[in-house]
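Q: My questions will all concern the structure given below.
The values are calculated or read from the model by the stated rules, or taken from the named source; none is laboratory data. Since the structure is predicted, the reported quantities are computational estimates derived from the model, not experimental observations. Neighbour counts run over all protein chains shown; Cβ positions are idealised from the backbone, glycine included. These accessible areas exclude ligands, DNA and RNA; they are computed on the full protein's heavy atoms, side chains included. Shrake-Rupley method; radii C 1.70, N 1.55, O 1.52, S 1.80 Å.
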Amino acid sequence: MTLISPSRRLRRTPFSQGVEAAGVKAYTVYNRMLLPTVFDSVEADYHHLKQHVQVWDVSCERQVELRGPDAGRLMQMLTPRDLRGMLPGQCLYIPIVDETGGMLNDPVAVKLSEDRFWISIADSDLLLWVKGIANGYRLDVLVDEPDVSPLAVQGPKAEDLMERVFGERVRDIRFFRFDLFQFEGRDLAIARSGYSKQGGFEIYVDGTDIGMPLWNLLFQAGADLNVRAGCPNLIERIESGLLSYGNDMTDDNTPHECGLGRFCDTQTAIGCIGRDALLRVAKEGPVQQIRPLAIEGDPVGPCDRPWGLYAGDVRLGQITSAAWSPDFNINVAIGMVRITHWGVGTRLRVETDDGERAATVQAGFWN
Ligand code: THG
């Protein structure tokens, strides 16, 4: 393992000081920003996340803000999910596709008002695509990246901790909805969402200056709840079937291949740039799709390049994420598998970094 060289290109976050003081052990880079990956160990972080409450610096989930009369129209050009019923105060997980129907991002859309949205992005340069469309179509909309950094509070005790800081009204926030809460004179959007299935919230921290004051307050308020600094956990997110853009899917994949067909209303998403392409692929159905797989044997190392899936010598897909699950006593994995071999129980050969293993297609993820 080598160290990461700090520079201006690799952006710090409003919470970096707190993350460092908490003893972060490893980072990845996401949207050209630091994203912690380990505090204690990936396994210890996993057990703690499932039992207590963690505060995550997920500032790297940058916002692309759309503001102006054409904001709603531009939003619908980006996604095959039908946004006509979306109300202010609502969040939606939306596939974003290009003109071929290829996935460009899988963000959470946040509707602040009729003419103002945030797109809380995964790891790709979505701002450039959105600016290009807004300008190319001469839309009446401002597109930029505001100084808004999500701070996630995740785990079974998240609600208790959040109530202490923001009041009992946090309990009324429904899943994928947000409400506004005051902190140091600023209105912050707080949503019930986050990149785990352990429950929790995301605070859209508006302004770098209030980052550390909020971080410190959460840790003070949660001392007796065993609150710790955490981060999206590889094991927990695979168990939960939360996809990682750039790992489990790229712009070569359609939303249907990614199992995100339930978030596509391609017939009625009028204006979506990839609509014609998706109408064609949706009619045929995908010939490969993301599946949960279990890999037999000892714990596998991290999957930092796709591991081929085979039956005999025929390549039938690839594993793109994998980790040892202490709770399920198996290597849990996410892979893309061809239609002929994606049936539950199908046993395949996988070429991992440390040799060949058997992998079995699962009925569902592990939550
Ligand atoms: N929160 C916010 N922004 C984000 C993420 C987040 N941007 C990057 C990344 N995560 C985007 N990817 C996902 C993937 C899955 C989910 C959210 C963002 C998610 N999925 C649930 C599921 O699949 O069960 C719920 C989907 C639904 O029912 O709408 O939560 O985490 N701000």
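Q: Select from segment 244-257 the residues that are assigned to a loop (DSSP other than H, G, I, E, B) and buried (at least 20 other Cβ atoms within 10 Å of the Cβ) and write down the one among them that is nearest to the chain's Cα centre (by Cα).
A: Among those that are assigned to a loop (DSSP other than H, G, I, E, B) and buried (at least 20 other Cβ atoms within 10 Å of the Cβ), it is 248.
Q: May I ask you to list the residues in segment 258-274 that are open to solvent by 50 Å² or more (accessible area, probe 1.4 Å) and either of a type in the set (Asp, Glu) or over 19 Å from residue 243 (Cβ atoms) (or both)?
A: Once the filter is applied, which keeps residues that are open to solvent by 50 Å² or more (accessible area, probe 1.4 Å) and either of a type in the set (Asp, Glu) or over 19 Å from residue 243 (Cβ atoms) (or both), segment 258-274 yields 265, 267, 268, 270.
Q: Go through (1) open to solvent by less than 30 Å² (accessible area, probe 1.4 Å); (2) among the acidic types (Asp, Glu); (3) more than 16 Å from the ligand (Cβ to nearest atom) one by one and return the number of the condition residue 202 breaks.
A: (3)
Q: Out of 354, 313, which single residue is closer than 21 Å to residue 287 by Cβ and more than 26 Å from the chain's Cα centre (by Cα)?
A: Values: 354 fails: closer than 21 Å to residue 287 by Cβ.
Among 354, 313, only 313 is closer than 21 Å to residue 287 by Cβ and more than 26 Å from the chain's Cα centre (by Cα).
Q: Still on this structure: Tell me, yes or no, whether segment 208-215 has at least one residue that is open to solvent by 50 Å² or more (accessible area, probe 1.4 Å), within 30 Å of residue 125 (Cβ to Cβ), touching a residue at least 40 places away in the same chain (Cβ under 8 Å) and of a type in the set (Val, Ile, Thr).
A: Yes, there is a match, as at least one residue in segment 208-215 is open to solvent by 50 Å² or more (accessible area, probe 1.4 Å), within 30 Å of residue 125 (Cβ to Cβ), touching a residue at least 40 places away in the same chain (Cβ under 8 Å) and of a type in the set (Val, Ile, Thr).
Q: Tell me which residues, restricted to segment 332-367, are farther than 14 Å from residue 322 by Cβ, open to solvent by 60 Å² or more (accessible area, probe 1.4 Å) and in a loop (DSSP other than H, G, I, E, B).
A: 344, 363, 367, listed by residue number.
Q: Then there's this: Can you name the residue in segment 92-103 that is open to solvent by 40 Å² or more (accessible area, probe 1.4 Å) and not acidic (Asp, Glu) and is also nearest to the ligand (Cβ to nearest atom) among such residues?
A: Among those residues, the one meeting the criterion is 93.
Q: Do any residues in segment 254-266 that are closer than 14 Å to residue 96 by Cβ have Cβ atoms under 8 Å from those of residues that are buried (at least 24 other Cβ atoms within 10 Å of the Cβ) and among the small types (Gly, Ala, Ser), where the two are at least six apart or on different chains, and which pairs are they?
A: 254/101; 255/101
Q: State whether one or more residues within segment 273-282 are assigned to a loop (DSSP other than H, G, I, E, B) and within 19 Å of residue 342 (Cβ to Cβ).
A: For segment 273-282, residues assigned to a loop (DSSP other than H, G, I, E, B) and within 19 Å of residue 342 (Cβ to Cβ): absent.
Q: Residue check, residue 238 against (1) in a helix (DSSP H, G or I); (2) more than 13 Å from the ligand (Cβ to nearest atom); (3) closer than 30 Å to residue 55 by Cβ, all met but one. Which one?
A: (2)
Q: Using beta carbons and a limit of 8 Å, which pairs, at least six apart or on different chains, have the first residue in segment 195-206 and closer than 17 Å to residue 237 by Cβ and the second one open to solvent by 10 Å² or more (accessible area, probe 1.4 Å) and modelled with pLDDT under 95?
A: Every condition considered, the pairs that remain are 197/367.
Q: When you check residue 59 against the structure, is it touching a residue at least 24 places away in the same chain (Cβ under 8 Å) and among the polar types (S, T, N, Q), yes or no?
A: yes
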